[in-house]
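The structure under discussion appears below in the form of structure tokens.
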Amino acid sequence: MARVNTVLGAVPAAELGFVAVHEHIGYGMPGSELDTQWWKTPEQRYEETVPKLRAFHDSCRPYGAATFVDATGICNGRDIPYYQSLSEKTGVHIVASTGFVGGDTALPFFERASVDYLADQFVHETTVGIGSTGAKAGIIKVGVSRGFQMKELDLRIYRAAARAALATGVPIFTHLAVNAEPAIEIFGEEGLPLDRVLFGHADDGISQGLVRDRWIAEQGGRIGFDTFGYDLELPDPPFWGRPRAERLEHFLGYLRDGLVDSVLASADANCSPLGWPGVKGHTVNYLFEVLLPALREAGIDEDTITRIFVDLPADFLSIKTFSHTHH
């Protein structure tokens, strides 16, 4: 039976229910925890986070369960004991990630590490556990550094992630889908099937014109429409915002063209941001409050919605067995 690593242990993939595949419990840049103006007490963090997760859990009931994939990775505020207590309090399955949001968030210790060292780190966090928590990562995070170009460190992290994904069977998701050609080349060289990779944020406002998302899908990669809710209609929209109708139309194009199996969707919201104010009024619950009603209004049937949020992410997150790994 296919299984998925959560912070409270492995669960059958069939029991994940509705999956928000790219979210954050709390995300901040390395060092933000040292800036006193952003310090939050544990009580404040729980107060901001628990109601959002409880609402998410309640909305997911018709789908059997609720799963929240935390895309934070190493160095950006990942806090496993906190995730474990949130999962226990709210009943939401939380999947933690190993890896890095991008080379520019890897602290110098990791920045100087070899591909083998990084791969070993990712494998350890996925098969043995993260620190002393006993929690195993369920996914590997990689990313493109700011400036939309892969740097040498990014390429090293991608190669290490490919090797770790083959060795452990967990999938990879990327921060940004720009400059995907070098990534796809690395995954090919390492022998990693591209359906094990979710190319994220293909739908954000600043990536438009830079992402060859249909080309990535043709190669077999999965496309992340995972910035739903970062709408320019927000009172104070972020720089990566996009008109709501334009993003929705981009997504609907895949569904109308029979490419539903190429996409996964999420909101990339921050429950309790670290070191920055976050984006007011944007939570994981946008998926139920705005996106699902908009899909239904556009004529998307319930089977397709279930496929996008239940079946496809369960397959993607399932630990796979590869018959051989090679360097």
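Read-outs: derived from the displayed coordinates by stated rules, not from any lab. The shown structure was predicted, so the numbers you read here are calculated from the model rather than taken from an experiment. For neighbour counting, all protein chains shown are included, and Cβ atoms are generated from backbone atoms with ideal geometry for every residue, glycine included.
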> How would you rank Arg45, Arg156, going from fewest to most other Cβ atoms within 10 Å of each one's own Cβ?
Replying inline: Arg45, Arg156
> When N is the residue count of the chain, what does its C-alpha Rg come to as a fraction of 2.2 N^0.38 Å?
Replying inline: 0.91
>> Output wanted: per-residue J couplings in Hz (rounded whole) for segment 169-177, from phi through Karplus 6.51 cos²θ - 1.76 cosθ + 1.60, θ = phi - 60°, x for Gly and Pro.
In response: x, 8, x, 10, 10, 10, 8, 6, 10
> What order do you get for Phe322, Phe109 when you list them from fewest to most C-beta neighbours inside 10 Å?
Replying inline: Phe109, Phe322
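DSSP beta bridges in the chain, what fraction antiparallel, as a percent rounded to 5? Walk me through the numbers before you get to the answer.
Numbers: 4 of 28 bridges.
Rounded to the nearest five, the antiparallel share is 15 percent.
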> Can you work out ³J(HN,Hα) from phi for every residue in segment 250-267, in order, using Karplus 6.51 cos²θ - 1.76 cosθ + 1.60 and θ = phi - 60°, giving whole Hz and x for Gly and Pro?
Replying inline: 4, 5, 4, x, 5, 5, 5, 8, x, 9, 4, 6, 8, 10, 9, 10, 6, 10
> Dividing the Cα radius of gyration by the Kirkwood radius, what Rg/Rh value follows for segment 114-221?
Replying inline: 0.98
>> Apply the Karplus curve 6.51 cos²θ - 1.76 cosθ + 1.60, θ = phi - 60°, to the phi angles in segment 8-15 and return the couplings in whole Hz, x for Gly and Pro.
In response: 9, x, 6, 10, x, 4, 5, 9
> Quick one: length gained pulling Glu185 to Gln149 fully straight, 0.36 nm per residue minus the C-alpha distance?
Replying inline: 11.5 nm
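Defining a contact as two alpha carbons under 8 Å apart and six or more residues distant in sequence, what relative contact order in percent does the chain show?
On the way: 681 pairs, mean separation 71.0, N = 327.
Computed value for the chain: 22 percent relative contact order.
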> Which ordering of Ile140, Ile223 is given by a fewest-first count of other beta-carbon atoms within 10 Å?
Replying inline: Ile223, Ile140
> Which listed residue (Gln219, Gly9, Ser59) has the Cα farthest towards the positive end of the charge dipole for segment 3-317, taking +1 on Lys and Arg C-beta and -1 on Asp and Glu C-beta about the Cα centre?
Replying inline: Gly9
> How big is the gap, in Å, between the Cα center of segment 40-95 and the Cα center of segment 227-263?
Replying inline: 24
